[in-house]
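First comes the structure, then the notes that go with it.
The values are calculated or read from the model by the stated rules, or taken from the named source; none is laboratory data. Being a predicted model, the structure only gives us computed values, none of them experimental. As a convention, Cβ positions derive from the backbone with ideal geometry for all residues, glycine included, and neighbour counts pool all protein chains shown. Remember, those area values only see protein heavy atoms, side chains included, never the ligands or the DNA or RNA. Shrake-Rupley method; radii C 1.70, N 1.55, O 1.52, S 1.80 Å.
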Amino acid sequence: MSAPATPLRWVGLAAWLAPLVVFAVGPVVFLLARGLGAAGALEGLAAETGALVNTLAISTGAAALALVLGAPLALLLFRTDLPLRGAYAVLFTLPSAIPAFIWGMGWLSLASPRAGYLNRLLGEGTLDIHGPVGIAFVEGVSGLPLVLLAGGAAMRRVDPALEEAARVCGASPARALLTTTLPLALPSLSSGAVMVFLMAASSFGVPYLLGVSASPPTRVLTTRIYELVLRADEGLGRASALALGLLLLTPVALLATWALGRSGRVRLSAGKGLASRPFALGRGRAVAGAAVALGCAVLVLLPLGALVLTSLQRGFGARLAWGELTLAHWSGVLWAPRTLRATGLSLLLATGAGALVCALGLGAALLQRAFRRLGAGVEALAVWPYAVPGTVLALALLVAFSRDWRFILLERVAFVLALAHTPWLLLVAYAGKYLALGTRNGAEALAQLDPSLAEAARVSGAGPTRAFRDATLPLLRPALLAAFVLTFLACATEITMSVLLVPAGSEVLGKLLFDLQSYADPAAAAVLACAFVALVAVGQGVLALLGRRAAEAR
Amino acid sequence: MAAISLEGLFKSYGATQVVRGLSLDVREGELVSLLGPSGCGKTTTLRMLAGLEHPDAGVIRIGGETVAGPGVRVPPEKRGLGMVFQSYAVWPHRTVEQNVAYPLTLRRLPKAEVATRVREALRWVRLEGLASRRPHELSGGQLQRVALARALVAGPRVLLLDEPLSNLDAALREELRAEIAALRARLGTTMVFVTHDQGEALALSDRIAVLNRGVIEQVDTPEVLYHEPATPFVAGFVGGANVLEGEVRDGAFLTPGGTRFPLPPECRASDGPSTLVVRPEDLDLGEHGTPLPLSARLFLGHAAEYRFPVDGTLLRVVGPPREARASQILHVQLRKARLFHRG
Ligand SMILES: Nc1ncnc2c1ncn2[C@@H]1O[C@H](COP(=O)(O)OP(=O)(O)OP(=O)(O)O)[C@@H](O)[C@H]1O
Ligand SMILES: [Mg+2]
């Protein structure tokens, strides 16, 4: 596709940049300035060293756990003849697909000191999911798919001849696997672990659930920010300082991934190469199969099962017996007016955010193509909010739009931007945060499109706009649809930003779940969590279907 | 150094038989090429020799020891071979030195000896200065040398090479070919060399095994193979000969379409269905012979190639360049030819 005429591209760039600057870049910069400028910002930060240390320790622990579990699991799933490995590869994507908060709830049902199901089996107080170790555990497991996917992709790219060469040189099969394929996949595995670190550092729900109400409480940066924001004005300055600390983790971690990528930037595949032959586990197959089955049962199925059980119990902690199970919570929660109102607003916001993400993402993809050099900047700008912790983004919006902004155009037309305490702020937050999904999907799909398709339309007599609409857009539709579904799912189940931004008197699903779990009713929360899981399952099913359709069309 | 014997090897992938009853003996210190078109089973045969595939039937012996056969399956790491892969397979996470040292460290040699032998191997392939480089800092030819040094460093009983030169440009190919020949003269290692390039095979080999669809059509020295091909396929593949189906009648070769080539005196054969094999340079253009319409003329520099349509295929003739127009009638005469009886 030919680049649009020059003035048109600049108009497009301006139209794309304006909302991004006003609603994402501006507020975060404003917050940073405020954090730096706040009187006693440094002292404030110093007073919160505990939270900072906890954040670092928990995130490191989570990343380490994800790597330690993920590396052998990736080898077993993608390079051996482990029984049922295809099914496991699907099951082990669940920890990331379902919000971490829900896994935290599951583990709370299983391992809260007195009423947890596991503790009732093993004796009261055997396990306690509260505290830094429990938080790191839940975060690490919910980040496991990131390590697994990165490692699996790398292992598929490794030329099998590399391993065969080791065999011919005298290495046993296991040794060849461990001295060639594993070290070659290690940079990818580690960059997956860095992503887990970032995810854990910016996570709010799990540390709130398992840290704040524990005794002694475990506070991390995100939960401290939340507490300070609740204290309103005098807390905002200090919260800004904390946000600054949290925000600095992102570039550091990204730098680490970049360095890993550099050392790992090796040509992984050369020549035609046959498909990798899975390593035969031989007699170890049964043992490895049992170990993975057990791991999957404990890490994935058990917490979900516990949630279902909790949702069916008369009250959490009640005696476990068939007769005690009831559907009362289900009917009580699902048809409650509060739930219906929250569902309505959530669906509306998720749809709006999905549409915005698709439109802006498509714009970003087109601009990347129109401005070759500047395109990288456009992409960075579009993807960047995704790396900003939700807590920070929400805080930035809260601070920036706490009062109304008056804009005067051409000295005559004035309009007022009054977003404070309206659901619009949520829409802005959702769309900004997940813009990366639309940009990535759009850019990838556009890169795969042969430009001659649109050129053929032009030659046939279509103008540039018409050619885009008739030849390019239909082919981008599956990718944009996938971005829409991903965004919709993420927004409908979003908790971190919702908790901070929902205006008084309104309700969205994430906030409702958070409130039910934190203040009222674990059984009701479990019902809602099960509904979330069902929604995610349906969404993932739609995505799989879309993926298959797109693959067939190619 | 060891002799190799392959006896009645069979190998299928799913329903397709890739190797079908292949037998071959390689003497100690000999270099034998496996030559054949793409997909004929060369790589598969080599991989069975290395132990990377197991034959469905048949026996493989290396140095008198059975390494594959009914109930026997020696894994690749226990065969004591060296192998150069078509894709180089130089490990990108190790330096040149570490790549070459790998087989030695697996054999738990003392550090000092490893260092000496690695240095020596790098000298063989003329890479002394690059020991601490990483593979992504090397050119294709240098990578191939690393692969060669790694395959040779532990003193393998047999060196297996799978199209080691096919990923290189023409000049480098020439250079590495000479180097492999020199290394062989120095080390005397038994080698099996897979290639689909007949020039390479003719230049390097003691003997060549020509493969066609999973069976060996002929095993012979390059000279014998070139001058006395045992089958039309070998003649067509090795010398680039014209292969025509037809029958011999009254001292001449007749194609089904009725074109008649009088046979040269030393090429007498009894009447009957036959295959005629004649090299392009063994055909003369002149005043006598079979009149044929010229379809194309290709200038080759020292000579020219003339093409004539015969029964739907093209008969190629190479001779001195001369003026000729398309569809002009020229006379083609057999100077030397081979006949294979069918039926
Ligand atoms: N792992 C495999 N699975 C299925 N088919 C295979 C496999 N390996 C080889 N084949 C098939 O076996 C046939 C012979 O393959 P082989 O690699 O031995 O050919 P080759 O003579 O080395 O050809 P080339 O010159 O192209 O390398 C081919 O048709 C190939 O498609
Ligand atoms: Mg091959």
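I need a count of the residues in segment A:166-192 that are part of a helix (DSSP H, G or I), within 19 Å of B:L161 (Cβ to Cβ) and either more than 11 Å from chain B (Cβ to nearest Cβ) or without any contact (Cβ under 8 Å) to a residue 12 or more places away in the chain (or both).
Final tally of qualifying residues: 2.
Looking only at segment A:118-148, how many residues end up being open to solvent by less than 20 Å² (accessible area, probe 1.4 Å) and either touching a residue at least 24 places away in the same chain (Cβ under 8 Å) or among the small types (G, A, S) (or both)?
Count: 15.
If you take the residues of segment B:93-134 that are facing chain A (nearest Cβ under 9 Å) and open to solvent by 10 Å² or more (accessible area, probe 1.4 Å), which of them is nearest to A:S172 (Cα to Cα)?
B:L106
Regarding B:L49, is this residue assigned to a strand (DSSP E or B), within 16 Å of ligand 1 (Cβ to nearest atom) and within 27 Å of B:A178 (Cα to Cα)?
no
Does B:S38 meet the test of being within 16 Å of ligand 2 (Cβ to nearest atom) and of a type outside the set (A, V, I, L, M, F, W, C)?
Answer is yes for this residue.
Out of curiosity, is B:V67 away from ligand 2 (no atom under 16 Å from the Cβ), in the same structural domain as B:D197 (by TED's automatic domain parsing), surrounded by 16 or more Cβ atoms within 10 Å (Cβ to Cβ) and more than 27 Å from B:A181 (Cα to Cα)?
yes
For segment A:525-537, name all the residues that are exposed (fewer than 15 other Cβ atoms within 10 Å of the Cβ) and touching a helix residue (DSSP H, G or I) at 6+ places or on another chain (Cβ under 9 Å).
Let us first name the residues in segment A:525-537 that are exposed (fewer than 15 other Cβ atoms within 10 Å of the Cβ), namely A:534, A:537.
A:A537 - this is the single residue of segment A:525-537 that is exposed (fewer than 15 other Cβ atoms within 10 Å of the Cβ) and touching a helix residue (DSSP H, G or I) at 6+ places or on another chain (Cβ under 9 Å).
Among the residues of segment B:70-92 satisfying the criterion of being within 16 Å of ligand 2 (Cβ to nearest atom) and within 7 Å of chain A (Cβ to nearest Cβ), which is modelled with the highest pLDDT?
Here the answer is B:M83.
Restricting to segment A:132-159, what's the tally of residues that are touching a Leu at 6+ places or on another chain (Cβ under 6 Å) and within 14 Å of chain B (Cβ to nearest Cβ)?
Residues in segment A:132-159 being touching a Leu at 6+ places or on another chain (Cβ under 6 Å) and within 14 Å of chain B (Cβ to nearest Cβ): 2 in total.
Can you confirm whether A:W384 is open to solvent by 60 Å² or more (accessible area, probe 1.4 Å) and either in contact (Cβ under 8 Å) with a residue 40 or more places away in the chain or farther than 30 Å from A:L121 by Cβ (or both)?
yes
Report, by residue number, each residue of segment B:225-267 that is of a type in the set (A, V, I, L, M, F, W, C) and open to solvent by 20 Å² or more (accessible area, probe 1.4 Å).
Filtering segment B:225-267 down to residues of a type in the set (A, V, I, L, M, F, W, C) leaves B:225, B:230, B:233-235, B:237-238, B:241, B:243-244, B:248, B:252-254, B:261, B:263, B:267.
Result: B:A230, B:F233, B:F237, B:V243, B:L254.
So, in segment B:242-264, exactly how many residues are in contact (Cβ under 8 Å) with a residue 60 or more places away in the chain and assigned to a loop (DSSP other than H, G, I, E, B)?
2
Please report, ordered by residue number, the strands (runs of 3 or more DSSP E) entirely within segment B:265-343 with at least 1 residues that are more than 19 Å from B:V243 (Cβ to Cβ).
Counting at least 1 such residues, we get B:283-286, B:290-293, B:296-299, B:304-310, B:313-319, B:329-334.
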